[in-house]
Structures are given as structure tokens and as C-alpha cells.
1. For the residue pair residue 207 and residue 288, what label-to-label distance in nm results when each label sits 7 Å from Cα along the Cα-to-beta-carbon direction?
2. Over all alpha-carbon pairs of the range 105-229, lay out the pair-distance distribution in 5 Å bins, whole %, shortest bin first.
3. If you place +1 on the Cβ of every Lys and Arg and -1 on the Cβ of every Asp and Glu, how big does the dipole about the Cα centre of the range 52-202 come out, in debye to the nearest 20?
4. Within 10 Å, count the other beta carbons around each residue, average over each peptide in 38-44, 256-262, and list them highest first.
5. Quick one: if you stick a label point 7 Å off each Cα along the C-beta vector at residue 215 and residue 199, how many nm between them?
6. Write down the radius of gyration of the range 180-299 and its Dmax, each obtained from C-alpha positions, in Å.
7. Taking the range 159-206 on its own, what percent of its Cα-Cα pair distances exceed 16 Å?
8. Determine the relative contact order of the range 82-158: mean sequence separation of Cα pairs under 8 Å and six or more apart, normalised by residue count, in whole percent.
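Derivation of every value follows stated rules applied to the coordinates shown; laboratory data play no part. Keep in mind the model is a prediction, meaning the values are calculated, not measured. Counting neighbours? That spans all protein chains shown, and the Cβs are built from the backbone with ideal geometry, glycine included.
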Amino acid sequence: MRSLRIAIIFALLASLSFSFSRIGRAVVQPEPLDTNEYGCPSLVAAYHGAEPLPTTPSRDDQGGGIKEEIPDKYAARYQEWKKEFLSTDAGRNQWAYYQSNRHFALTIQLSRENAEGATTGNYRWNEAGQLVSATITLGSRLDQGYPNPIYFPVMNSLLLPEAQNRIAGVTLAATKLAHEFGHVNRTAKVDPKQYQLQSQLMPQYNRIFLSNGRDANDPRLLELTRQLGGTPVEIWEDREYWGEANAMVYLGDRFTENGLRCSLFSRMRQSIDLYAKSYEGRFLAIVQSTPSHRFCGWQ
Ligand SMILES: [Zn+2]
């Protein structure tokens, strides 16, 4: 455990220096120490863990809807998290959409692996290119642990001292569930061929990068970047900030009054300014679409 913690701290420090040093630089270079063999930043992997293993399509997938595979001993806590998610319009609407969708099967499972994290994967598309199934895997202690602010500026906002006193773990868990729904929502919209190409080419990019003296200007890497539509780090940033955008929608619905809402939104803004400046528009659009018009400093 100790060595894992040291590895995570090391990755965090490496990324912090990367994030600060890249501010103001025209060209963002991939951080050498910051990716795993799939080109996935270690700080993303530290939260998401491994993607669920692919399974063969079951008959249940054919019918669509939401299939909850929760071991009995975790059922009570899972129901609390789900209730919290469904206490908002965002949660209710998204749940109802997938529940009633006959053409898409969403499996939600719970695992002791990666206990404070969650992940979404096992994506399948039909021949027409429509996403037909996905699996969200929630950790058994989803109501604990705050992801880092670099890739998870929204979930991390709950780490605020005033939030700590007033927000229960159940809200943290529901925010993490919203982040995973954000991944599903987004993946249903992307070009499946491009997504699959990225999954296939990112490990290749990483292998070359690690063997060429970590030279991102290597013509082979420039060609892969062109095919991928960005470097692996940029692709992961984009994916994570879509998850975070949906977590923001959830939190915006969950906290409608000024006060704590503004504290959370200010903290999100601070982290987004520092680490996700080029994605700010995506978050700003969510704040501006808030029916209450409580922008909390975002305009
Ligand atoms: Zn994510």
C-alpha cells in the first residue's frame, strides 16, 4: 500500500509540475512520466483503475434498459447513492432515458477493486455505428476519496472544507456516478471508428514514445497524433472533462442556492483555470444553462 501511495504521490507531483509549466506555452508536450501503457495519464488511471473486462453480449443486452448487478452485501449503500443521484432533475432524466431505451443496455456493477473509484467501458456498437451497450463499474467505497483536481476539477471541489462539513459521502458517490454517466453520454455521440482507432493506437503511440527518448516530435508520433486527433494525453483530457461536465450538471442541480453552490463553483473554476483552461467553454455553457441563473462568478 505504501509503495502504491508513494507512486501516486510521485505521479501527482510529476503532473503538477507539468501542469504549471505548460501554462503559457504554445505547444503542449505529453508528460513522459505521466502515462500508463495505454497512453492513459497515471492520475486518470489512479481514479478509474482498469476498464471492465469485455464480456460476451448476454441476452439481457438485447432488451436494452439498465441492468444493476449489485452484490447483496452492497445493495443498501448502492441504493442510497442511486437515491441521491435520482434526487436531481439531471439524475432522474438521465436514468429514465437509459432505463427506457430499448436499443441500449447499460449495466451497472459494483466491485471491491478500485474501491473509491469507478470506471466505464465494455462499449459495443452495432453495425450501423450506434452504441448498444456499456458497463459502469462502481467501487464499493464510492462515498470516500476525492479524485485529483487536474483531471477531476468538479469532483475535487467537494474537498472544500465547508463542503466537508455539509455534504455527506452519499453526494460524493452520486457525483462520481454522474461522472460515469457523462462518459456514456459522450461515447454515444462520438464516431465509433475513431474511438476504436484511439483504443488501438494509443498503446502504440506510448510504446514508440517510451522507446525514442520521449521525443514527441518523432515523425511516427506526429503521424499517429494526426490519426488519433490529438496526443493520448489530450484525448484522455477531453474524455475526462466530458465526465466532469456531467458531474457539474449534477452538482448544479443538487445545490441550487447561493452559498455552498458558489463555494463549489468557485473552486471548480479555480481548478479549471489552472488545469483545463482550453476546456473552460464546456463548463461555462453548463453554468449558463442553469435555470436559476445563479452563475456564482462564472459569466
Ligand atoms: Zn472519467
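1. It works out to 4.4 nm between the two label points.
2. Going out from 0 Å in 5 Å bins, the range 105-229 shows 2, 10, 15, 15, 14, 15, 14, 9, 5, 1, 0 percent.
3. Using Cβ point charges on Lys, Arg, Asp and Glu, the range 52-202 gives about 120 debye.
4. Highest to lowest by the protection proxy: 38-44, 256-262.
5. The two pseudo-label positions are separated by 3.3 nm.
6. Radius of gyration, then largest Cα-Cα span, for the range 180-299: 17.7, 53 Å.
7. Percent of Cα pairs beyond 16 Å in the range 159-206: 61.
8. The normalised contact order for the range 82-158 reaches 26 percent.
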